[in-house]
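This report concerns only the one structure given below.
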Amino acid sequence: MDARFLSIPALAEVPSPAPSVAVVVDVMRAYTVAAWAFARGAEKIVLAASRAEALALRSRHPEWVALKDGPPAPGFGLVNSPGLLRSADLAGRTVVRKTTARTVGALAVKDAELVLCAAFVVAEATARVLRERAAGTVTIVVTGEDGRADEDLACAEYIAGRTFEPGTDAAAFLRRAAASRAAAERATGVREGAHPDDVALCLELDRFPFAMVAAVEDSLMVLRPHPVPPADGGGAAG
């Protein structure tokens, strides 16, 4: 098993067939938020291709709650902030979300046999699923800044490291993420749709004991938590 790191645009150049195993990484903040949604009780997250699709799904399923990037907007009950989401009661709820490249990244690999969505908060659980189930080449999609976002690339490389060398230490990867442009932008000032704790929450390592698996269900791309029992001897180093 080996890994290749691709941006979303580069996926279009990958010849058929689709990757057999794909990991879509977004640290700040889409998949950190997704993990928090599951921790707050959400049953599943439906990944919408557009804001209009998210609102249409919410209209057809009034019991669902919609989530978006940026400030609050009519029809959307949640925003893309782990700091704001951590107090939400989502027990048994379905979340339908539209974010930017992060949702698009998962949809771009929907034909893969296994699709995992990841951030630092579920890094070790993701690596354990890869160690147990993957063979051949793992395609890791680095979503931010057309594959150049250092917080996403650091997390992607860390997950790959933990997959192939379980002793890989997290410290240097977390430092890179903390020094990234995205972290700096979110740490300066307070804006609608964000919380001062968002960066710190995005840099928590292995906060949750589950991976997140996306698959097509009734023509929709659906993300669900995948519990991973703790390994003997504890979690990740670092």
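Rounded to the nearest 0.05, what FRET efficiency do R175 and R86 give with R0 = 22 Å and r taken as the Cβ-Cβ distance? Could you check?
0.35
Along the principal axes of its C-alpha atoms, what lengths does the range 129-170 span, in descending order and rounded to whole Å?
Sorted largest first, the three principal extents are 30, 23, 12 Å.
Can you compute the radius of gyration and Dmax for the range 1-108, using only the Cα atoms, both in Å?
14.9, 46
What does the charge dipole of the range 63-127 about its Cα centre add up to, to the nearest 20 debye, if the Cβ of each Lys and Arg holds +1 and the Cβ of each Asp and Glu holds -1?
Its charge dipole is roughly 220 debye.
Report Rg(Cα)/(2.2 N^0.38 Å) for the range 2-226, keeping two decimals.
Normalised Rg, Cα atoms only: 0.94.
If you average the sequence gap of Cα pairs under 8 Å that are 6 or more apart and divide by the length of the range 2-226, what percent do you get for the contact order?
Relative CO of the range 2-226 lands at 32 percent.
Restricting to the range 2-226, compute how many DSSP beta bridges are antiparallel as a %, nearest 5.
30 percent
Taking Rh as the Kirkwood radius computed over C-alpha pairs, what is the Stokes-Einstein D of the range 121-220 at 10 °C in a medium of viscosity 1.306 mPa s, expressed in µm² per second?
Diffusion coefficient, whole number: 107 µm²/s.
Quick check on the range 93-170: what are the equivalent-ellipsoid semi-axes from the Cα gyration tensor, as sqrt(5λ), descending, whole Å?
Each semi-axis is the square root of five times an eigenvalue, giving 21, 15, 13 Å.
For H61, what is the net charge nearby, where nearby means another residue's Cβ is under 14 Å from its Cβ and Lys, Arg count +1, Asp, Glu -1?
Around H61, the surrounding residues sum to 0.
Throughout, read-outs are computed from the coordinates displayed, never taken from laboratory work. Since this is a predicted model, take the numbers as computed values, not measurements. In this analysis, Cβ positions are derived from the backbone assuming ideal geometry, glycine residues included, and neighbour counts consider all displayed protein chains.
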